[in-house]
Amino acid sequence: MAKKRILIVEDEESLLKLESILLTSKGYEVRGVSNGRAALAAVAEDRPDLILLDIMLPEIDGFEVCRRIKEDSETRNIPIIMLTAKKSREDMSRGEKVGADWYITKPFKSAMVIETIQRFLSRE
């Protein structure tokens, strides 16, 4: 069985490395990018099975990245998990409006992130 591919969009390098190591150790194929423009290019180039998306990103923020991915009929079914420090009810509501499938706030427990990813990827 082919490895599930996860795109991590995170501008904080240490967190991107941590998330990459964690997911790679669980058997996922991981690609990391650090801004919204690179995220959209990565999705167009090599469609991932799931996206972990930060909101506060350079160039194009996570809300806009999510909206564009979910608006496109080719990519709308890719599950997007927002992983962010933005905890307000307004932010969570906005995430839902742009099509995020799930919302996890930082700091997060690795086990919860893995469990959420597995839940989405086992639906296929």
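The values are calculated or read from the model by the stated rules, or taken from the named source; none is laboratory data. Predicted model, so just to flag it, every value in this text is computed and none were measured. For neighbour counting, all protein chains shown are included, and Cβ atoms are generated from backbone atoms with ideal geometry for every residue, glycine included.
Some notes on this structure:
- Of all the listed residues (D61, D72, D49), the sole one being charged (D, E, K, R), in contact with a strand residue (DSSP E or B) (Cβ under 7 Å, 6 or more places away or on another chain) and at pLDDT 95 or above is D49.
- Qualifying residue in region 19-31 (condition: outside any helix (DSSP H, G or I), on the phi < 0 side of the Ramachandran plot and within 12 Å of the chain's Cα centre (by Cα)): yes
- Selection count where residues are touching a Phe, Trp or Tyr at 6+ places or on another chain (Cβ under 8 Å) and surrounded by fewer than 16 Cβ atoms within 10 Å (Cβ to Cβ), scope region 81-106: 1
- Residue match in region 60-80 (condition: more than 14 Å from the chain's Cα centre (by Cα) and surrounded by 18 or more Cβ atoms within 10 Å (Cβ to Cβ)): no
- For region 109-119, the condition of being in contact with a Phe, Trp or Tyr (Cβ under 9 Å, 6 or more places away or on another chain), at pLDDT 95 or above and among the polar types (S, T, N, Q) holds for at least one residue.
- Here is the figure for region 66-97: residues that are part of a helix (DSSP H, G or I), over 24 Å from S122 (Cα atoms) and touching a residue at least 24 places away in the same chain (Cβ under 8 Å) total 3.
- Here A2 clears all of (1) under 18 Å from R123 (Cβ atoms); (2) of a type in the set (A, V, I, L, M); (3) under 13 Å from the mean Cα position of the chain (by Cα) except the condition numbered (3).
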